[in-house]
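Below is one structure; the comments refer to it alone.
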């Protein structure tokens, strides 16, 4: 075989090799492009090791510091109204006036009889010292004075009850009676609440209550003011659990004019008591399924692998991971609903 033929054969072989390489490259590029086009876009986060405080968060209902239902202690027709719903009243302010004509007459009569009985007693005491009155007469005068005093106290109370007042400083939240309404003893005539400070009543599990003590500082947050934290403290912890083995705990905190709250709102109370050391954490949103059977998608290369994990406590918007993940692994936090095990994924930028 001459030299020219050898060179030709070599060139042909090289040309075939180049063609094959270009073909394989274009095929791989097409496959890669196809994978990219078919990949599911997801958001991800890394598994992190965090230093955690021993915290817990419990939702409760915010209530007024003092909530008083005002009950009528007399009967009669309402002749005047002095307070409207939403009005702020000082303690002792009048809310209603009940017809007092007969009660006033009885009071004047009882007061007159009491004054007369006191004077009679003074006169008999003087006569007794002068040996001009007997023991029986003096004793009768004393009993008469006591009886008149008792009648006077009853009549005075009945007369005073015709003007219904608020025992606390607060805001009128209801007044179901008006002028002309006939009220009777025991009838609800108004409600007044004091929201200058507020309370949250919680039920705490026995496993958590021993980490608390009266006076501990807490933080309260609400959906009404996202990001705003109210500072409060534990006012009391019951020494007796209810039937569900939960202990009543009462939190108190001031109501501020900058971010006023109303009774009846939900509040989330966060407690802190020492530290729990370090733990692996993932965003709560990465979880697939419930806390009882938690799973997450772990990104391995271009694939999302579904993996079982053992979850611990919730810490704010994160949860701790006891088993199943390692620090630094990448997990899917958004887009899980479109995934199955080993789905090709593309990470959103």
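The values are calculated or read from the model by the stated rules, or taken from the named source; none is laboratory data. Everything numeric in this text was worked out from a predicted model, so none of it was measured. Cβ sites come from the backbone with ideal geometry, for glycine too, and all protein chains shown count toward neighbours.
Here residue 48 meets each of (1) in contact with a strand residue (DSSP E or B) (Cβ under 8 Å, 6 or more places away or on another chain); (2) not assigned by TED's automatic domain parsing to the domain that holds residue 281 with one exception, condition (2). Based on what the data block shows, is residue 61 closer than 30 Å to residue 208 by Cβ, in a strand (DSSP E or B) and at pLDDT 65 or above? Yes; evaluated as a whole, the condition is true for this residue.
Just one residue in the set 281, 333 is closer than 30 Å to residue 203 by Cβ and touching a residue at least 60 places away in the same chain (Cβ under 8 Å); that residue is 281.
Within the stretch 318-349, the set of residues being closer than 15 Å to residue 288 by Cα and in contact with a helix residue (DSSP H, G or I) (Cβ under 9 Å, 6 or more places away or on another chain) comprises 318, 319, 331, 332, 333, 334, 336.
Residues in the stretch 153-164 that are surrounded by fewer than 20 Cβ atoms within 10 Å (Cβ to Cβ) and either without any contact (Cβ under 8 Å) to a residue 60 or more places away in the chain or over 16 Å from residue 78 (Cβ atoms) (or both): 153, 154, 156, 157, 158, 160. Answer yes or no as to whether residue 270 is in the same structural domain as residue 212 (by TED's automatic domain parsing), in a loop (DSSP other than H, G, I, E, B), within 25 Å of residue 216 (Cα to Cα) and at pLDDT below 90. Spelling it out, it is not the case that residue 270 is in the same structural domain as residue 212 (by TED's automatic domain parsing), in a loop (DSSP other than H, G, I, E, B), within 25 Å of residue 216 (Cα to Cα) and at pLDDT below 90.
Give the residue that is surrounded by the fewest Cβ atoms within 10 Å (Cβ to Cβ), with candidates limited to residues of the stretch 279-310 that are more than 32 Å from the chain's Cα centre (by Cα) and part of a loop (DSSP other than H, G, I, E, B).
301
Looking only at the stretch 280-308, residues that are closer than 27 Å to residue 251 by Cβ and modelled with pLDDT under 85 come to 1 in all.
Scanning the stretch 242-256 for residues that are at pLDDT 90 or above and in a loop (DSSP other than H, G, I, E, B) yields 255, 256.
Counting only residues that are surrounded by 18 or more Cβ atoms within 10 Å (Cβ to Cβ) and farther than 17 Å from residue 94 by Cα, the stretch 165-199 holds 3 of them. Within the stretch 228-281, count every residue that is touching a strand residue (DSSP E or B) at 6+ places or on another chain (Cβ under 6 Å) and at positive phi. Looking only at that region, the number is 1.
Can you go through 96, 143, 102, 138 and tell me which one is surrounded by 15 or more Cβ atoms within 10 Å (Cβ to Cβ) and without any contact (Cβ under 8 Å) to a residue 24 or more places away in the chain?
138
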